[in-house]
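Report on the structure given below.
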Amino acid sequence: MAEADLRGGLKGVRLSYGGATVEVALFGAHILSWTTPGASGAPVERLWLSSCSPLDGSAPIRGGIPIAWPQFATDGAMPLHGFARERLWAVVDSSDDAAHASASLTLELSDSPHTADGTWRSPAAPPFPWRFRLRLKVTLGATHLQLALEATNLGRAAMGGEESAERMAFTTCLHTYFRSADSTQVRLSGGLQGVQFVDKVDGMKVKRHGVDVASQTPDSLTVEEAAMESNGFVDRIYCHENPSKGIAQVLHVGRGLDPSAPEAESTYDLHQSAGFSNTVVFNPWKEGKRGPAHPDFDDDGYKYMICVEPAVAKPSQAVELKQGESWKGECLISIRN
C-alpha cells in the first residue's frame, strides 16, 4: 500500500497485488479505479468514472464505487445517499496475505459534531445523532476485489456514552459502476428467475422477474431490453426472498473492454453476503442523466457503464442496531474472463 495523490489532486492510497491495482480516495473511502493486466499486460480499467465528475472533494464523485450510508438514495430525510461518501476517512490498517494471495487495507469513518447535527452539508441536513464506527475493508487479489462494510452503533451522541435503548437504523449500498465498452451487450444472469423487484422508474411498482417482463429470458436481465421497457431508464431494487446464504450472480459486460483483445468477452462472478438483502441494477440510458440538470454525468456515459450494487435499499427493511451491535455486508467480484 502506498499513499498517493490521485486524480484531481485527491489524497488517497494505491493498493497493488499480482499486477492488479486499486485506487481509494480518502474522500468518501471512494474506490476510483480497479485495474488488472489485459492480454498484452497493459492495465485494463474495470470501473467506470465520469469524466465530468468533480474530483476536488467539493461534491460526491460520480462513478467508481461510492458508499451510500446511512441512507440509500432519497428514501429518507437526508440528501441523496447520506454523508459517508462526502466525509474524509482514515486508513487504520493494511496487510499482505500470501496465504490467500491478496493484499488489503481498512478505512474508517467515525461520528463527528457535523454528522450529529447535520452541518456536514450547507444548509444543514437532518441530524444523525449517533456515535458510530464505519469501516471499509478492501481486499485485492490478482483477479478479484472484495469489499466488506461494517457499521457499529456506539450509542446516542447526546448521551455522553450512557446506554441507550434506541436503535440506530440505516440503509446502505456499495454503488458499483462497472465499465463496459458497449452497454447493449450487458447481461446479468443467475438467481433472477421469479425474484421480486421494485421498478423505481415505473412508479415504484412491485414486479416479478421473468413474469412481468415477457421479452426477457427467465433467468437473465439484458440492460438494453430493460431500458426499452422502462421508458429508457433502468433503476430496479431486487428483493431476494432468502438471502441467508448470500446471492451469486454473473455479470457479462461484453466485448471490447481490453483494447489488446477486442473480441474477448469480459465476465464477472458476483457474490454478496447475507448482510445485503437487495441488489440494485441501474443504467440511466439515453435520457436519464443527460443535460445541465446532471452536470456530473457524461451525456453518453450510459453506453459505457452498468451499476450492480449490493444493498440494503428498502427503508422498511433497514438495518437496526442496538448500542454495541455491529452489522457487516460483504461482496466479492471475481474476474471469470
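All of the numbers you see were taken from the coordinates with simple rules; none came from a lab. Values in this document were obtained by computation on a predicted structure and should not be read as measured data. We place every Cβ from the backbone using ideal geometry, glycine too, and count neighbours over all the protein chains shown.
Brief remarks follow.
- Candidates PRO43, ALA165, GLY141 compared by Cα position along the dipole of the chain: farthest toward the positive end lies ALA165, with charges placed on Cβ.
- Reachable lysines from LYS322, criterion Cα separation under 27 angstrom, eight or more residues apart if same chain: LYS137, LYS245, LYS314
- Both numbers refer to the Cα atoms of the range 54-184; Rg and Dmax are 16.6, 55 Å.
- Aspartates and glutamates with Cα under 13 Å of LYS11, excluding same-chain neighbours fewer than 8 positions away: GLU3, GLU23, ASP56
- Cα gyration tensor of the range 1-126 - equivalent ellipsoid semi-axes, whole Å, descending: 29, 17, 12
- In the range 228-337, taking the dipole from charged Cβ atoms about the Cα centre, the farthest positive-side position among HIS294, MET228, CYS331 is held by CYS331.
- Fewest-first sequence of SER50, SER189, SER326, SER16 by Cβ atoms within 10 Å of each Cβ: SER326, SER16, SER189, SER50
- Cα gyration tensor, the range 105-180 - rounded (a/c under 1.5), prolate or oblate: prolate
- Each label point was placed 7 Å from the Cα along the Cα-to-Cβ direction; for LYS286 and GLN193 their separation is 3.4 nm.
- Environment charge of TYR302, counting only residues whose C-beta is closer than 10 Å and scoring Lys/Arg +1, Asp/Glu -1: 0
- Taking the chain and dividing mean pair separation by its residue count, relative contact order in percent (alpha carbons under 8 Å, at least six apart): 18
- Gyration tensor verdict on the range 228-281 (Cα atoms; rounded if a/c is under 1.5, prolate if a/b is larger than b/c, oblate otherwise): oblate
- Cα convex hull, the range 66-136: 96 Å³ per residue, rounded to a whole number.
- Helix-derived mean residue ellipticity, 222 nm - over the chain, DSSP H n ≥ 4, -39500 (n - 2.57), to 500: -1000 deg cm²/dmol
- The range 259-330 and the range 29-90 have Cα centres spaced 10 Å apart.
- Put simply, the amide H of ALA73, placed in the peptide plane, has neighbours under 5 Å in HIS81, leaving out anything fewer than 5 places away on its chain.
- When the Cα positions of MET305, PHE282, ALA318 are compared along the charge dipole of the range 255-337, ALA318 comes out farthest toward the positive end, with charges on each C-beta of Lys, Arg, Asp and Glu.
- Reduced Cα scattering model of the range 243-337, Debye log10 I(q)/I(0), q = 0.16, 0.20, 0.25 Å⁻¹: -0.87, -1.05, -1.19
- Prolate is the label for the range 124-264. Its Cα gyration tensor axes, ordered a ≥ b ≥ c, give a/c of at least 1.5 and a/b above b/c.
- Residue by residue, the range 324-337 carries 3J(HN,Hα) couplings of x, 8, 10, 10, 9, x, 10, 9, 10, 10, 10, 7, 7, 7 Hz when phi is fed to the Karplus relation 6.51 cos²θ - 1.76 cosθ + 1.60 (θ = phi - 60°); x denotes Gly or Pro.
- For the chain, alpha-carbon Rg over 2.2 N^0.38 Å: 0.97
- Sequence-separation-based contact order of the range 236-326, relative, with Cα cut under 8 Å and 6+ spacing, percent: 27
- The amide H of GLU325, built 1.01 Å from its N in the peptide plane, has ASN153 as neighbours under 5 Å, considering only residues 5 or more places off or on other chains.
- In this Cβ point-charge picture (+1 for Lys and Arg, -1 for Asp and Glu), the range 266-337 has a dipole of about 140 debye about its Cα centre.
- Straight-distance crosslink candidates among aspartates and glutamates, where the alpha carbon sits under 13 Å from LYS205 and sequence neighbours closer than 8 are dropped: ASP235
- Dipole magnitude for the range 74-142: computed about the Cα centre from +1 point charges on Lys and Arg Cβ and -1 point charges on Asp and Glu Cβ, it is near 160 debye.
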